Amino acid sequence: MKKKIVTVVMASMLFAGAVSAASVWGTYKGNQIIRITSNGVALKTPDVPAISYNGRTMIPISMLGQLGIGYTWDAKNQTVDVASNPSSRGLNSDAVMKANLFKYLEDLGENLMETKQSYDIAMMSKVIGPSTQLNTAYGKLNSSINKYNEFINRQDVLNYSSSDATINQILANYFDSIDKLKELDLFANSAPISENSTLIKYALIAESAANLAKTGIKSSGAGFSKYIYEASK
């Protein structure tokens, strides 16, 4: 069962920002990184990502394997031969799409862990004195919520989750983790930190949020490995 999360809004922490399109996915050796998707699902990035070079998108040949497209490398002649048999491409397409879906689920979990770590930093900063780190953590929380909501409304997720209990369980773990992160946000902004009991309570909530996210990440990684193996048969 999928649940939609309403973005949290705190009057004391409203802020706006813009990010340059050139830095959305970062850079690789001075070139803008390009995210590659298949039917809306992001492909797993190899050691060298796809980049924009001289106005053209350059994609590593290894990414073709994630689409079920076969190829061979002829080192002697410095040549790549790409298989063009449509039936061979379609053979593993379902497994490839499922593998990419689980990879995106894994990334969602990693985002939740990064959000939890941001609140840890914010709390440490608050102990020292006034800090803007809570704004940063709040921004990561809203970003994670938005990514979760966008993911559960994707057509491929709706299709596969109806027959795959693992996907629904991972999404339930992430939903509960986000609930705990929202607790962290309220607690970090309202609770005094002069007492040890406050920090202990914070640590318990943070640990719960992290454990839920880690459970989802572990299941996502297992799902990705399973379907990558099936796609390679």
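Would you compute the Debye intensity of the range 118-177 from its alpha-carbon atoms alone, equal scatterers and no solvent, and pass along log10 I(q)/I(0) at q = 0.15, 0.20, 0.29 Å⁻¹ to two decimals? At q = 0.15, 0.20, 0.29 Å⁻¹ the computed log10 ratios are -0.58, -0.77, -1.12.
Applying 0.36 nm per residue to the separation of residue 62 and residue 121 and subtracting their alpha-carbon distance, the gain on full extension is 17.5 nm. The largest accessible area among 154, 56, 35 belongs to the first residue in 56, 35, 154, and the rest follow in falling order (1.4 Å probe, all chains).
Taking each residue as 0.36 nm, the span from residue 196 to residue 29 lengthens on full extension beyond its C-alpha to C-alpha distance by 55.5 nm.
By the equivalent-ellipsoid construction on the alpha carbon gyration tensor, the range 124-233 comes out with semi-axes of 34, 15, 12 Å, ordered largest to smallest.
For residue 38, nonlocal amide neighbours, meaning residues 5 or more places apart or on other chains whose placed amide H falls under 5 Å from its own, are 43.
For residue 53 and residue 146, the difference between the fully extended length at 0.36 nm per residue and the C-alpha to C-alpha distance is 30.4 nm.
A probe of 1.4 angstrom, applied to the heavy atoms of all protein chains, finds residue 224 with accessible area near 20 square angstrom. On the beta carbon distance between residue 77 and residue 155, with R0 = 30 Å, the FRET formula returns roughly 0.10.
The values are calculated or read from the model by the stated rules, or taken from the named source; none is laboratory data. Bear in mind the structure is a predicted one, so any value in this text is a computation, not a measurement. Cβ: placed from backbone, ideal geometry, glycine included. Neighbour counts: every protein chain shown. Note: accessible area is taken over every heavy atom of the protein model, side chains too, but ligands, DNA and RNA are not part of it. Shrake-Rupley method; radii C 1.70, N 1.55, O 1.52, S 1.80 Å.
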